[in-house]
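Notes to accompany the following structure.
The values are calculated or read from the model by the stated rules, or taken from the named source; none is laboratory data. It should be emphasised that the depicted structure is a prediction, and the values quoted were computed from it without experimental measurement. Neighbour counts run over all protein chains shown; Cβ positions are idealised from the backbone, glycine included.
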Amino acid sequence: MRRQSWTVSPIANVPFAWLRANSEKYNVDPNRIGAYGYSAGAHLVSILGLASAKG
């Protein structure tokens, strides 16, 4: 059985990069950004959380 490799589309990180870049303006700790979702959104959030940012 072949093992699957999970990757996250680079576009998935765009909102997080924007929020980190603007964290001071919006008084957000760039090291403590969270995401959540329901149903399909929860599936996407879990992929984001489990996938390596470095690929």
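For beta carbons closer than 9 Å, sequence separation of 6+ or different chains, a first residue in the range 22-40 that is more than 17 Å from ALA12 (Cβ to Cβ) and modelled with pLDDT of 90 or more and a second that is assigned to a loop (DSSP other than H, G, I, E, B) and β-branched (Val, Ile, Thr), the qualifying pairs are ASN22/VAL28; SER23/ILE33.
Against the criterion of being at pLDDT 85 or above and not charged (D, E, K, R), ALA12 does not qualify.
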